[in-house]
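The values are calculated or read from the model by the stated rules, or taken from the named source; none is laboratory data. Because the structure is a prediction, the values reported are computed rather than measured. Note that we place each Cβ from the backbone using ideal geometry, even for glycine, and neighbour counts take in every protein chain shown.
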Amino acid sequence: MTAITSSDQTAKRSTRRKIAAVLAGGLVLGVGTMATLASWNDSEFASATFTAGKFNLEGAVDASQATFSEHATSGAAGGLTFTAPVSLLTPTDVVAAPYAVRLAANTTNNATLNLVATTTTGTVTNLTYEVIKTSTAGCTTATTAGTIIIAPGTPVTSVSGATPIALSMGTPTTTAGAPAYLCFKVTAGASLAQSQTGAVNFQFQAVSQ
């Protein structure tokens with residue numbers, strides 16, 4: 001039988017202390033893990049609403065060019081009032097009619113306006129026209145001052161070479177924008193046929209900027 005010496009007992013006690021220290025370390029690690037799992041968390045939210053602006057074009061066909069309304073389709077086209085003798089044309093006659101366009105109240109963008117098309121019914125041969133942008137309301141056969149939108153001599157079936165028109169929204173936007181005053185002048189050609197009759201629709205289109 002082997003005798004247990006005091007040095008053996010000391011070694012065993014040292015081993016037990018090391019094991020206890022390891023277990024204690026394990027307990028410390030366990031407590032640390034539990035603290036991580038119980039961490040605080042919180043949330044924050046943000047939102048936004050997106051609303052489109054408004055864009056609306058309107059025109060005036062009255063002589064004072066002051067009564068504006070919408071003419072959004074060819075079927076609802078505003079009737080231009082030409083000077084005499086629009087119903088009794090003879091070769092070389094010239095007739096004129098005023099028109100005005102503007103951006104309606106609550107429009108939220110400026111625009112570029114273009115004369116983009118004409119559509120006709122009946123016979124409109126030997127009829128040419130021009131369009132002048134003037135600085136004030138009013139239009140007669142003698143009107144010449146202003147910006148040429150459609151050059152003289154253009155067939156009423158064409159919008160070739162049309163000059164764009166800048167339109168500004170109102171300031172504030174709750175008011176209508178400043179009007180662009182236009183003067184239409186139509187000339188009967190030398191070969192105008194007797195009793196011919198026809199109608200023309202002019203289409204303007206505004207593009208927001």
Query raised in the report: Out of curiosity, is A105 modelled with pLDDT under 95 and small (G, A, S)?
Result: no
Query - In the stretch 159-201, the residues that are touching a Gly at 6+ places or on another chain (Cβ under 9 Å) and of a type in the set (G, A, S) - result: S168, G170, A176, G177, A178, G198, A199
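Being modelled with pLDDT under 95, of a type in the set (A, V, I, L, M, F, W, C) and closer than 30 Å to L113 by Cα narrows it down to one of A76, A38, so name that one.
The match here is A76.
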Query raised in the report: Exactly one of (1) touching a residue at least 40 places away in the same chain (Cβ under 8 Å); (2) exposed (fewer than 15 other Cβ atoms within 10 Å of the Cβ); (3) of a type in the set (D, E) is unmet by E70. Its number?
Result: (1)
Query raised in the report: Is one or more of the residues making up the stretch 51-62 part of a loop (DSSP other than H, G, I, E, B), modelled with pLDDT of 90 or more and exposed (fewer than 10 other Cβ atoms within 10 Å of the Cβ)?
Result: yes
Report summary line: Wholly inside the stretch 94-169, strands (runs of 3 or more DSSP E) that include 3 or more residues that are exposed (fewer than 15 other Cβ atoms within 10 Å of the Cβ) and polar (S, T, N, Q) are 111-122
